[in-house]
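First the structure, in the form of structure tokens, and then the observations on it.
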Amino acid sequence: MRAPDNKIIFTGPVGAGKTTAIAAISDVPPVTTDAAASDMTLNRKGHTTVAMDYGVIYLDEETKVHLYGTPGQERFDFMWDILSQGGMGLVLLLDNTRPNPVKDLQFFLGAFTSLLKDAPVVIGVTKMDARPEPDIESYQRTLASMSIRAPIFEVDARRKEDIQNLVMALLYSIDPGLEG
Ligand SMILES: Nc1nc2c(ncn2[C@@H]2O[C@H](COP(=O)(O)OP(=O)(O)O)[C@@H](O)[C@H]2O)c(=O)[nH]1
Ligand SMILES: [Mg+2]
């Protein structure tokens, strides 16, 4: 029996593509709460998400998947647990152009430990077009060293197909009977 409503969480550092990814796949106009950044993140981009992103995809007439994007900055980490409530899976987006994206992987997996006790994670590495290193194998080695099994893909958050593949891999991990 499928739950009629499923909730998945998108997380990752500022600039990883969370807002873009949710907008790319949502079947309804996404809700985004961006505000002008008044801190150092302004150096990377003019805006950052202070609260959340929200979208929905319809797998079929009865089955909705709610998509929630967390704020990326650690100073909003109190939101991470709130948004994780009831989450059935986690999409972790990593920005390959950041100074140490492998460390970001470890950090975010650590921050979401309680969700990940009961829910699977998939990882999408963005901006590999801008910076190809580290490669996917480096991330896989890190996951193996943490004894975490998770699908990991190169994605471009602006490409609907890439994000659909990522989300379908997650839904399949949640329930192998779910098909889009
Ligand atoms: N070059 C490149 N830009 C990307 C990719 N994915 C996302 N972006 C861009 O990265 C910027 C930050 O994305 P955004 O969704 O605001 O990130 P967020 O802070 O995680 O919500 C946007 O300008 C996106 O268009 C990618 O794979 N390659
Ligand atoms: Mg955002």
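The values are calculated or read from the model by the stated rules, or taken from the named source; none is laboratory data. As the structure is a prediction and not an experimental result, all values here were calculated from the model. Heads up, the Cβs are rebuilt from the backbone with ideal geometry, glycines too, and the neighbour counts pull from every protein chain shown.
Which one of these is within 13 Å of the chain's Cα centre (by Cα) and not charged (D, E, K, R): 142, 70, 113? Before you say what the answer is, go through the steps one by one.
Values: 142 fails: within 13 Å of the chain's Cα centre (by Cα); 113 fails: within 13 Å of the chain's Cα centre (by Cα).
Unique residue meeting the criteria: 70.
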Checklist line | Failed condition for residue 47, given (1) near ligand 1 (Cβ under 10 Å from one of its atoms); (2) at pLDDT 90 or above | finding: (2)
Next item on the list: Test each condition in (1) out of contact with any His (no Cβ under 9 Å at 6 or more places or on another chain); (2) away from ligand 1 (no atom under 16 Å from the Cβ); (3) of a type outside the set (Ser, Thr, Tyr) for residue 107 and report the one that comes out false.
Entry: (2)
Next item on the list: Please identify the pairs in which a residue from the range 7-21 that is touching a residue at least 40 places away in the same chain (Cβ under 8 Å) has its Cβ atom under 7 Å from the Cβ atom of a residue that is part of a helix (DSSP H, G or I) and acidic (Asp, Glu), counting only partners at least 6 apart or on another chain.
Entry: 13/104
Item checked: Conditions (1) more than 11 Å from ligand 2 (Cβ to nearest atom); (2) at pLDDT below 60; number of the one not met by residue 41 -> (1)
Margin query: Looking only at the range 1-12, count every residue that is within 13 Å of ligand 1 (Cβ to nearest atom) and modelled with pLDDT under 95 and tell me the total.
Written below: 0
Notebook entry, point to check: Got a sec? Which strands (runs of 3 or more DSSP E) wholly within the range 68-167 have at least 2 residues that are in contact (Cβ under 8 Å) with a residue 60 or more places away in the chain and in contact with a helix residue (DSSP H, G or I) (Cβ under 6 Å, 6 or more places away or on another chain)?
Noted result: 89-95
Checklist line | Conditions (1) farther than 20 Å from residue 25 by Cβ; (2) surrounded by 15 or more Cβ atoms within 10 Å (Cβ to Cβ): number failed by residue 130 | finding: (2)
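Applying the selection to the range 56-100, what residues are acidic (Asp, Glu) and either surrounded by 13 or more Cβ atoms within 10 Å (Cβ to Cβ) or closer than 30 Å to residue 129 by Cα (or both)?
We begin by selecting, within the range 56-100, every residue acidic (Asp, Glu); these are 60-62, 74, 77, 81, 95.
Passing the criteria: 74, 77, 81, 95.
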